[in-house]
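> Sharing a structure, written as C-alpha coordinates. Questions coming.
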Amino acid sequence: MSEVPDIARKIPVFVAFALLALGSALAYFEQAYRGLAHALERDVTSARTFRWERPVLRGAMGDGNSADEIYAAVHEWQPLGRTLKRSLAEKVYYGLPLEAAQQNALKARGVALRQLRGAAQQRWSHTELAVERGSQMRVPDYPKLTEAALGLLAEAQTSTPDACLQEATDVLRIGQDIVPSAPLEAASVNAHLTAFAARVIARCALRADLPALRRTTHELRVLATHPAPTGTSIELHELAAAADLQRRAALTEQPSPVQVAQTLAARPQLLASWNGLSNAARFRHISPERYPEALEDWKREQDFRVRAHPELAKNGTQVSARLEDDMRAQALVRMLCVTLSALSERAYRGNMPLAPSALRETALSDPFRGQPLRYLVSSNGAELTIWSVGADYRDDNGSDDWTESGPRDVTLHVALR
(Lines give C-alpha, C1' and ligand atoms only; values in the text may rest on other atoms or scores of the structure.)
Protein backbone atom coordinates (compact mmCIF):
# COMPACT_ATOMS: atom_id res chain seq x y z
CA MET A 1 0.00 0.00 0.00
CA SER A 2 2.94 2.31 0.61
CA GLU A 3 4.22 1.94 -2.99
CA VAL A 4 1.40 3.92 -4.55
CA PRO A 5 2.12 7.10 -2.63
CA ASP A 6 5.85 6.73 -3.47
CA ILE A 7 5.07 6.55 -7.18
CA ALA A 8 2.68 9.46 -6.87
CA ARG A 9 5.44 11.50 -5.21
CA LYS A 10 7.86 10.67 -8.04
CA ILE A 11 5.50 11.69 -10.86
CA PRO A 12 6.04 15.45 -10.37
CA VAL A 13 9.79 14.84 -10.37
CA PHE A 14 9.57 12.93 -13.65
CA VAL A 15 7.38 15.63 -15.13
CA ALA A 16 9.78 18.32 -13.99
CA PHE A 17 12.74 16.50 -15.53
CA ALA A 18 10.79 15.95 -18.75
CA LEU A 19 9.84 19.61 -18.96
CA LEU A 20 13.40 20.64 -18.19
CA ALA A 21 14.74 18.35 -20.92
CA LEU A 22 12.14 19.60 -23.38
CA GLY A 23 12.92 23.20 -22.50
CA SER A 24 16.64 22.57 -22.92
CA ALA A 25 16.06 20.97 -26.33
CA LEU A 26 13.84 23.86 -27.43
CA ALA A 27 16.42 26.37 -26.21
CA TYR A 28 19.21 24.52 -28.00
CA PHE A 29 17.40 24.35 -31.33
CA GLU A 30 16.21 27.94 -31.01
CA GLN A 31 19.79 29.04 -30.43
CA ALA A 32 20.93 26.98 -33.42
CA TYR A 33 18.16 28.54 -35.53
CA ARG A 34 19.22 32.06 -34.54
CA GLY A 35 22.87 31.28 -35.26
CA LEU A 36 22.09 29.98 -38.73
CA ALA A 37 19.78 32.92 -39.40
CA HIS A 38 22.56 35.33 -38.45
CA ALA A 39 25.01 33.49 -40.71
CA LEU A 40 22.50 33.60 -43.59
CA GLU A 41 22.04 37.33 -43.16
CA ARG A 42 25.81 37.80 -43.23
CA ASP A 43 26.15 35.65 -46.37
CA VAL A 44 23.35 37.53 -48.15
CA THR A 45 25.08 40.83 -47.38
CA SER A 46 28.33 39.43 -48.76
CA ALA A 47 26.59 38.28 -51.95
CA ARG A 48 25.11 41.71 -52.50
CA THR A 49 28.51 43.39 -52.34
CA PHE A 50 29.98 41.16 -55.07
CA ARG A 51 30.84 42.83 -58.38
CA TRP A 52 32.26 41.18 -61.49
CA GLU A 53 34.77 43.54 -63.05
CA ARG A 54 34.92 42.85 -66.75
CA PRO A 55 36.81 44.42 -69.66
CA VAL A 56 34.88 45.97 -72.51
CA LEU A 57 35.49 44.70 -76.02
CA ARG A 58 36.05 48.05 -77.69
CA GLY A 59 35.54 51.79 -77.18
CA ALA A 60 35.25 53.77 -73.95
CA MET A 61 34.28 51.96 -70.77
CA GLY A 62 31.25 53.17 -68.83
CA ASP A 63 31.24 53.22 -65.04
CA GLY A 64 28.00 51.34 -64.53
CA ASN A 65 26.33 47.97 -64.07
CA SER A 66 25.88 46.03 -67.28
CA ALA A 67 23.13 43.87 -65.78
CA ASP A 68 21.08 46.95 -64.85
CA GLU A 69 21.49 48.36 -68.36
CA ILE A 70 20.47 45.05 -69.94
CA TYR A 71 17.30 44.70 -67.88
CA ALA A 72 16.41 48.36 -68.45
CA ALA A 73 16.59 47.76 -72.21
CA VAL A 74 14.58 44.55 -71.91
CA HIS A 75 11.92 46.41 -69.94
CA GLU A 76 11.39 48.68 -72.96
CA TRP A 77 11.21 45.75 -75.37
CA GLN A 78 7.76 45.05 -76.79
CA PRO A 79 7.20 41.29 -77.22
CA LEU A 80 7.14 40.06 -80.79
CA GLY A 81 4.49 37.39 -80.37
CA ARG A 82 5.02 33.64 -80.67
CA THR A 83 4.82 33.32 -84.45
CA LEU A 84 7.06 36.28 -85.24
CA LYS A 85 9.60 35.21 -82.61
CA ARG A 86 9.78 31.64 -83.95
CA SER A 87 10.21 32.91 -87.49
CA LEU A 88 12.93 35.34 -86.37
CA ALA A 89 14.80 32.55 -84.58
CA GLU A 90 14.73 30.41 -87.74
CA LYS A 91 16.04 33.29 -89.86
CA VAL A 92 18.94 33.87 -87.45
CA TYR A 93 19.76 30.19 -87.04
CA TYR A 94 19.84 29.40 -90.75
CA GLY A 95 21.06 32.79 -91.98
CA LEU A 96 17.96 33.56 -94.04
CA PRO A 97 16.89 37.09 -95.08
CA LEU A 98 14.28 38.83 -92.95
CA GLU A 99 10.73 39.34 -94.15
CA ALA A 100 9.21 42.81 -94.31
CA ALA A 101 7.16 42.26 -91.13
CA GLN A 102 10.28 41.28 -89.21
CA GLN A 103 12.26 44.23 -90.51
CA ASN A 104 9.48 46.63 -89.50
CA ALA A 105 9.18 45.02 -86.06
CA LEU A 106 12.90 45.45 -85.38
CA LYS A 107 12.91 49.00 -86.72
CA ALA A 108 10.11 49.91 -84.31
CA ARG A 109 12.22 48.54 -81.45
CA GLY A 110 15.43 50.24 -82.50
CA VAL A 111 15.81 52.26 -79.28
CA ALA A 112 15.70 49.16 -77.08
CA LEU A 113 18.17 47.35 -79.36
CA ARG A 114 20.66 50.23 -79.24
CA GLN A 115 20.31 50.42 -75.48
CA LEU A 116 20.92 46.68 -75.20
CA ARG A 117 24.10 46.90 -77.27
CA GLY A 118 25.30 49.81 -75.15
CA ALA A 119 25.02 47.67 -72.03
CA ALA A 120 28.12 45.76 -73.16
CA GLN A 121 30.22 48.89 -72.52
CA GLN A 122 29.78 48.99 -68.74
CA ARG A 123 32.56 48.37 -66.25
CA TRP A 124 31.02 45.66 -64.05
CA SER A 125 28.06 43.31 -63.84
CA HIS A 126 25.88 42.16 -60.96
CA THR A 127 22.24 41.10 -60.75
CA GLU A 128 20.61 42.46 -57.59
CA LEU A 129 17.96 40.07 -56.29
CA ALA A 130 16.02 39.74 -53.03
CA VAL A 131 17.83 36.55 -52.00
CA GLU A 132 16.00 36.26 -48.68
CA ARG A 133 12.78 35.52 -50.58
CA GLY A 134 14.25 32.15 -51.54
CA SER A 135 12.56 30.38 -54.43
CA GLN A 136 9.95 33.17 -54.57
CA MET A 137 12.54 35.80 -55.52
CA ARG A 138 12.03 37.88 -58.64
CA VAL A 139 13.57 36.26 -61.71
CA PRO A 140 14.56 38.45 -64.69
CA ASP A 141 12.45 38.26 -67.84
CA TYR A 142 14.66 35.90 -69.82
CA PRO A 143 12.16 35.26 -72.67
CA LYS A 144 12.08 38.99 -73.50
CA LEU A 145 15.86 39.17 -73.25
CA THR A 146 16.19 36.25 -75.66
CA GLU A 147 13.85 37.96 -78.13
CA ALA A 148 15.82 41.20 -77.98
CA ALA A 149 19.14 39.39 -78.44
CA LEU A 150 17.74 37.57 -81.48
CA GLY A 151 16.76 40.98 -82.81
CA LEU A 152 20.37 42.15 -82.49
CA LEU A 153 21.61 39.04 -84.30
CA ALA A 154 19.02 39.49 -87.06
CA GLU A 155 20.18 43.06 -87.60
CA ALA A 156 23.80 41.90 -87.54
CA GLN A 157 23.16 39.57 -90.48
CA THR A 158 22.11 42.53 -92.63
CA SER A 159 25.21 44.59 -91.74
CA THR A 160 28.67 44.69 -93.29
CA PRO A 161 30.92 41.77 -92.30
CA ASP A 162 32.90 43.93 -89.84
CA ALA A 163 29.77 45.34 -88.19
CA CYS A 164 28.15 41.90 -88.18
CA LEU A 165 31.07 40.41 -86.26
CA GLN A 166 31.00 43.23 -83.72
CA GLU A 167 27.23 43.11 -83.15
CA ALA A 168 27.15 39.32 -82.82
CA THR A 169 30.12 39.39 -80.42
CA ASP A 170 28.23 41.95 -78.34
CA VAL A 171 25.47 39.35 -77.92
CA LEU A 172 28.06 36.94 -76.52
CA ARG A 173 29.11 39.61 -74.06
CA ILE A 174 25.49 40.31 -73.07
CA GLY A 175 25.00 36.59 -72.43
CA GLN A 176 27.97 36.58 -70.08
CA ASP A 177 26.86 39.74 -68.31
CA ILE A 178 23.55 38.27 -67.12
CA VAL A 179 25.27 35.39 -65.28
CA PRO A 180 26.97 36.96 -62.20
CA SER A 181 24.83 36.64 -59.06
CA ALA A 182 21.80 35.68 -61.15
CA PRO A 183 19.56 32.59 -60.95
CA LEU A 184 21.13 29.48 -62.45
CA GLU A 185 18.69 29.78 -65.34
CA ALA A 186 20.86 32.65 -66.61
CA ALA A 187 23.65 30.18 -67.46
CA SER A 188 21.24 28.25 -69.68
CA VAL A 189 20.01 31.46 -71.33
CA ASN A 190 23.63 32.42 -71.98
CA ALA A 191 24.23 29.01 -73.60
CA HIS A 192 21.16 29.53 -75.80
CA LEU A 193 22.27 32.99 -76.95
CA THR A 194 25.82 31.77 -77.52
CA ALA A 195 24.60 28.96 -79.80
CA PHE A 196 22.75 31.46 -82.01
CA ALA A 197 25.54 34.05 -81.99
CA ALA A 198 28.13 31.41 -82.89
CA ARG A 199 26.35 30.58 -86.14
CA VAL A 200 26.07 34.25 -87.10
CA ILE A 201 29.75 34.88 -86.35
CA ALA A 202 30.82 31.81 -88.35
CA ARG A 203 28.86 33.03 -91.39
CA CYS A 204 29.96 36.66 -91.19
CA ALA A 205 33.61 35.67 -90.74
CA LEU A 206 33.66 34.15 -94.25
CA ARG A 207 33.02 37.59 -95.78
CA ALA A 208 35.30 39.55 -93.45
CA ASP A 209 38.74 40.90 -94.30
CA LEU A 210 41.92 40.25 -92.33
CA PRO A 211 41.75 43.32 -90.01
CA ALA A 212 38.15 42.46 -89.02
CA LEU A 213 39.07 38.82 -88.40
CA ARG A 214 42.03 39.76 -86.23
CA ARG A 215 40.00 42.32 -84.28
CA THR A 216 37.20 39.84 -83.62
CA THR A 217 39.69 37.10 -82.68
CA HIS A 218 41.05 39.46 -80.03
CA GLU A 219 37.55 40.22 -78.73
CA LEU A 220 36.66 36.53 -78.58
CA ARG A 221 39.88 35.83 -76.69
CA VAL A 222 38.85 38.50 -74.15
CA LEU A 223 35.50 36.73 -73.70
CA ALA A 224 37.16 33.31 -73.44
CA THR A 225 39.75 34.41 -70.89
CA HIS A 226 37.44 36.64 -68.79
CA PRO A 227 34.35 34.42 -68.40
CA ALA A 228 31.54 35.25 -66.01
CA PRO A 229 31.95 33.55 -62.59
CA THR A 230 29.23 30.90 -62.70
CA GLY A 231 29.94 30.14 -59.04
CA THR A 232 28.07 33.27 -57.97
CA SER A 233 24.90 31.72 -59.43
CA ILE A 234 25.53 28.61 -57.33
CA GLU A 235 26.06 30.86 -54.33
CA LEU A 236 22.69 32.52 -54.98
CA HIS A 237 21.07 29.11 -55.43
CA GLU A 238 22.45 27.94 -52.07
CA LEU A 239 21.32 31.13 -50.33
CA ALA A 240 17.82 30.77 -51.77
CA ALA A 241 17.64 27.15 -50.58
CA ALA A 242 18.82 28.22 -47.13
CA ALA A 243 16.17 30.97 -47.04
CA ASP A 244 13.49 28.38 -47.82
CA LEU A 245 14.70 26.19 -44.95
CA GLN A 246 14.70 29.21 -42.66
CA ARG A 247 11.03 29.84 -43.38
CA ARG A 248 10.16 26.18 -42.88
CA ALA A 249 11.95 26.11 -39.52
CA ALA A 250 10.55 29.42 -38.22
CA LEU A 251 7.94 28.98 -35.49
CA THR A 252 6.45 32.44 -36.09
CA GLU A 253 5.60 31.45 -39.66
CA GLN A 254 3.18 28.72 -38.51
CA PRO A 255 -0.50 29.80 -38.17
CA SER A 256 -1.71 27.10 -35.74
CA PRO A 257 -0.48 25.21 -32.66
CA VAL A 258 -0.60 21.93 -34.58
CA GLN A 259 1.71 23.30 -37.28
CA VAL A 260 4.02 24.72 -34.62
CA ALA A 261 4.25 21.23 -33.09
CA GLN A 262 4.97 19.74 -36.53
CA THR A 263 7.68 22.30 -37.13
CA LEU A 264 9.25 21.54 -33.75
CA ALA A 265 9.36 17.84 -34.61
CA ALA A 266 10.97 18.53 -37.99
CA ARG A 267 13.36 21.21 -36.73
CA PRO A 268 16.40 18.99 -36.06
CA GLN A 269 16.37 17.69 -39.63
CA LEU A 270 15.67 21.13 -41.12
CA LEU A 271 18.48 22.76 -39.17
CA ALA A 272 20.92 20.01 -40.10
CA SER A 273 20.14 20.45 -43.81
CA TRP A 274 20.33 24.22 -43.45
CA ASN A 275 23.74 23.92 -41.84
CA GLY A 276 24.86 21.89 -44.86
CA LEU A 277 24.21 24.99 -47.01
CA SER A 278 26.38 27.31 -44.92
CA ASN A 279 29.19 29.46 -46.33
CA ALA A 280 27.77 29.64 -49.85
CA ALA A 281 30.47 32.13 -50.91
CA ARG A 282 32.96 29.25 -51.16
CA PHE A 283 31.46 28.41 -54.55
CA ARG A 284 32.61 31.66 -56.11
CA HIS A 285 35.81 29.92 -57.21
CA ILE A 286 33.76 27.85 -59.69
CA SER A 287 34.24 29.55 -63.04
CA PRO A 288 34.80 28.47 -66.65
CA GLU A 289 38.52 29.13 -66.17
CA ARG A 290 38.59 26.09 -63.85
CA TYR A 291 36.55 23.68 -65.95
CA PRO A 292 36.40 20.69 -65.85
CA GLU A 293 37.93 20.49 -62.33
CA ALA A 294 35.39 22.98 -60.93
CA LEU A 295 32.44 20.80 -61.94
CA GLU A 296 34.08 17.71 -60.48
CA ASP A 297 34.77 19.56 -57.21
CA TRP A 298 31.11 20.54 -57.02
CA LYS A 299 29.87 17.02 -57.71
CA ARG A 300 32.12 15.50 -55.04
CA GLU A 301 30.94 17.95 -52.40
CA GLN A 302 27.32 17.52 -53.40
CA ASP A 303 27.57 13.72 -53.21
CA PHE A 304 28.96 14.04 -49.69
CA ARG A 305 26.18 16.40 -48.62
CA VAL A 306 23.39 14.32 -50.15
CA ARG A 307 24.49 11.25 -48.24
CA ALA A 308 24.02 13.20 -45.01
CA HIS A 309 20.98 15.21 -46.14
CA PRO A 310 18.99 13.46 -48.92
CA GLU A 311 16.62 16.41 -49.32
CA LEU A 312 19.50 18.40 -50.85
CA ALA A 313 19.63 16.05 -53.85
CA LYS A 314 17.25 18.16 -55.95
CA ASN A 315 19.31 21.23 -55.14
CA GLY A 316 22.43 19.60 -56.64
CA THR A 317 20.80 18.13 -59.75
CA GLN A 318 19.75 21.54 -61.02
CA VAL A 319 23.19 23.00 -60.37
CA SER A 320 24.98 20.25 -62.31
CA ALA A 321 22.66 20.63 -65.32
CA ARG A 322 23.11 24.41 -65.43
CA LEU A 323 26.89 24.10 -65.11
CA GLU A 324 26.96 21.76 -68.10
CA ASP A 325 24.96 24.37 -70.07
CA ASP A 326 27.57 26.94 -69.10
CA MET A 327 30.37 24.59 -70.17
CA ARG A 328 28.74 24.24 -73.60
CA ALA A 329 28.59 28.03 -73.94
CA GLN A 330 32.22 28.39 -72.98
CA ALA A 331 33.21 25.62 -75.40
CA LEU A 332 31.50 27.52 -78.24
CA VAL A 333 33.27 30.79 -77.36
CA ARG A 334 36.62 28.99 -77.38
CA MET A 335 35.78 27.23 -80.65
CA LEU A 336 34.92 30.57 -82.25
CA CYS A 337 38.22 32.02 -81.08
CA VAL A 338 40.17 29.13 -82.62
CA THR A 339 38.07 29.27 -85.80
CA LEU A 340 38.58 32.98 -86.42
CA SER A 341 42.27 32.60 -85.62
CA ALA A 342 42.44 29.92 -88.32
CA LEU A 343 40.50 32.10 -90.79
CA SER A 344 42.91 34.95 -90.04
CA GLU A 345 45.84 32.66 -90.88
CA ARG A 346 44.10 31.68 -94.12
CA ALA A 347 43.49 35.32 -95.06
CA TYR A 348 47.15 36.10 -94.38
CA ARG A 349 48.85 33.00 -95.84
CA GLY A 350 46.34 31.90 -98.45
CA ASN A 351 45.49 28.46 -97.13
CA MET A 352 43.69 26.94 -94.16
CA PRO A 353 46.03 25.80 -91.37
CA LEU A 354 45.80 22.16 -90.35
CA ALA A 355 46.50 23.12 -86.72
CA PRO A 356 46.14 26.85 -85.91
CA SER A 357 48.35 28.25 -83.16
CA ALA A 358 45.31 29.11 -81.01
CA LEU A 359 44.49 25.42 -80.75
CA ARG A 360 47.50 24.97 -78.43
CA GLU A 361 46.50 27.71 -75.99
CA THR A 362 45.56 26.33 -72.57
CA ALA A 363 42.92 29.03 -72.10
CA LEU A 364 41.16 27.76 -75.25
CA SER A 365 41.13 24.07 -74.33
CA ASP A 366 38.03 21.89 -74.21
CA PRO A 367 36.22 22.84 -70.96
CA PHE A 368 34.84 19.30 -70.64
CA ARG A 369 38.21 17.55 -70.54
CA GLY A 370 40.97 20.19 -70.31
CA GLN A 371 42.64 19.09 -73.56
CA PRO A 372 42.80 20.81 -76.97
CA LEU A 373 39.58 21.11 -78.91
CA ARG A 374 39.20 18.74 -81.88
CA TYR A 375 39.73 20.43 -85.24
CA LEU A 376 39.25 19.02 -88.74
CA VAL A 377 39.32 20.50 -92.24
CA SER A 378 37.47 18.33 -94.75
CA SER A 379 39.49 16.60 -97.46
CA ASN A 380 38.05 18.88 -100.16
CA GLY A 381 38.69 21.99 -98.10
CA ALA A 382 35.02 22.99 -98.13
CA GLU A 383 34.26 22.79 -94.41
CA LEU A 384 35.91 23.20 -91.03
CA THR A 385 34.54 21.21 -88.10
CA ILE A 386 35.66 22.01 -84.58
CA TRP A 387 34.21 20.31 -81.54
CA SER A 388 34.27 19.59 -77.81
CA VAL A 389 33.57 16.13 -76.39
CA GLY A 390 30.51 17.46 -74.52
CA ALA A 391 28.80 16.35 -71.32
CA ASP A 392 29.26 12.62 -71.95
CA TYR A 393 33.05 13.17 -71.95
CA ARG A 394 33.37 10.91 -75.00
CA ASP A 395 34.72 11.97 -78.37
CA ASP A 396 32.06 11.12 -80.98
CA ASN A 397 34.03 12.65 -83.87
CA GLY A 398 31.99 15.84 -83.92
CA SER A 399 28.59 14.12 -83.99
CA ASP A 400 25.60 16.47 -83.96
CA ASP A 401 23.25 13.72 -82.78
CA TRP A 402 21.31 14.38 -79.58
CA THR A 403 20.75 12.03 -76.68
CA GLU A 404 18.34 12.46 -73.78
CA SER A 405 20.95 14.54 -71.92
CA GLY A 406 21.97 16.71 -74.88
CA PRO A 407 24.25 16.67 -77.94
CA ARG A 408 26.93 13.97 -78.12
CA ASP A 409 29.58 16.56 -78.98
CA VAL A 410 29.42 20.36 -78.93
CA THR A 411 30.14 21.03 -82.60
CA LEU A 412 30.62 24.05 -84.85
CA HIS A 413 30.58 23.60 -88.64
CA VAL A 414 32.04 26.42 -90.75
CA ALA A 415 31.63 26.47 -94.53
CA LEU A 416 34.94 27.61 -96.05
CA ARG A 417 33.57 28.43 -99.49
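The values are calculated or read from the model by the stated rules, or taken from the named source; none is laboratory data. Being a predicted model, the structure only gives us computed values, none of them experimental. For neighbour counting, all protein chains shown are included, and Cβ atoms are generated from backbone atoms with ideal geometry for every residue, glycine included. Side chains are part of the model used for accessible areas, which takes the heavy atoms of the whole protein and leaves out ligands, DNA and RNA. Shrake-Rupley method; radii C 1.70, N 1.55, O 1.52, S 1.80 Å.
> Restricting the search to the range 59-102, which residues are within 15 Å of Gly118 (Cα to Cα), touching a Ser or Thr at 6+ places or on another chain (Cβ under 9 Å), of a type outside the set (Asp, Glu) and open to solvent by 40 Å² or more (accessible area, probe 1.4 Å)?
Tyr71
> Out of everything in the range 364-414 that is outside any loop (DSSP other than H, G, I, E, B) and of a type in the set (S, T, N, Q), what residue ends up being most open to solvent (accessible area, probe 1.4 Å)?
Taking the candidates together, the pick is Thr403.
> I need the full set of residues from the range 218-233 which are open to solvent by less than 10 Å² (accessible area, probe 1.4 Å) and among the β-branched types (Val, Ile, Thr), in order please.
Thr230, Thr232, listed by residue number.
> Among the numbered criteria (1) farther than 16 Å from Gly398 by Cβ; (2) in contact (Cβ under 8 Å) with a residue 40 or more places away in the chain, which one does Ala313 miss?
Tallying (1) farther than 16 Å from Gly398 by Cβ; (2) in contact (Cβ under 8 Å) with a residue 40 or more places away in the chain, Ala313 fails exactly one: (2).
> Considering every residue within the range 49-66, establish whether at least one is modelled with pLDDT of 90 or more, assigned to a helix (DSSP H, G or I) and among the aliphatic types (A, V, I, L, M).
no
> Step by step: first the residues of the range 248-258, then only those that are open to solvent by less than 70 Å² (accessible area, probe 1.4 Å) and not aliphatic (A, V, I, L, M), then the one that is nearest to Val131 (Cα to Cα). Which residue is that?
Gln254
> Same structure, new question: Could you check Glu296 against (1) under 21 Å from Asn190 (Cβ atoms); (2) part of a helix (DSSP H, G or I); (3) among the charged types (D, E, K, R) and say which number it fails?
Of everything listed in (1) under 21 Å from Asn190 (Cβ atoms); (2) part of a helix (DSSP H, G or I); (3) among the charged types (D, E, K, R), Glu296 misses just condition (1).
> Right, next: Please go through the range 363-394 and pick out each residue that is farther than 22 Å from Met352 by Cβ and among the charged types (D, E, K, R).
Across the range 363-394, the qualifying residues are Arg369, Asp392, Arg394.
> Sort through Arg214, Arg203 and tell me the only one that's open to solvent by 10 Å² or more (accessible area, probe 1.4 Å), in contact with a Gly (Cβ under 8 Å, 6 or more places away or on another chain) and either under 24 Å from Lys91 (Cβ atoms) or not aliphatic (A, V, I, L, M) (or both).
That would be Arg203, the only listed residue that is open to solvent by 10 Å² or more (accessible area, probe 1.4 Å), in contact with a Gly (Cβ under 8 Å, 6 or more places away or on another chain) and either under 24 Å from Lys91 (Cβ atoms) or not aliphatic (A, V, I, L, M) (or both).
> Check off (1) farther than 17 Å from Glu324 by Cα; (2) aromatic (Phe, Trp, Tyr); (3) crowded, with 20+ Cβ neighbours inside 10 Å for Tyr348 and give me the number that stays unchecked.
The failed condition is (3).
> Select from the range 156-165 the residues that are of a type outside the set (Gly, Ala, Ser) and crowded, with 21+ Cβ neighbours inside 10 Å and write down the one among them that is nearest to the chain's Cα centre (by Cα).
Leu165
> Something else now. Can you name the condition, by its number, that Leu129 falls short on among (1) at pLDDT 90 or above; (2) buried (at least 18 other Cβ atoms within 10 Å of the Cβ)?
Among (1) at pLDDT 90 or above; (2) buried (at least 18 other Cβ atoms within 10 Å of the Cβ), Leu129 violates only (1).
> Turning to a different aspect of this structure: Starting from residues that are polar (S, T, N, Q) and surrounded by fewer than 14 Cβ atoms within 10 Å (Cβ to Cβ), keep the ones in the range 259-268 and report whichever is farthest from Gln31 (Cα to Cα).
Checking each candidate, the answer is Gln259.
> Okay, moving on. Taking the conditions exactly as written (more than 30 Å from Ala39 (Cα to Cα), touching a residue at least 40 places away in the same chain (Cβ under 8 Å) and of a type outside the set (Phe, Trp, Tyr)), does Met61 satisfy them or not?
For Met61, the condition - more than 30 Å from Ala39 (Cα to Cα), touching a residue at least 40 places away in the same chain (Cβ under 8 Å) and of a type outside the set (Phe, Trp, Tyr) - is met.
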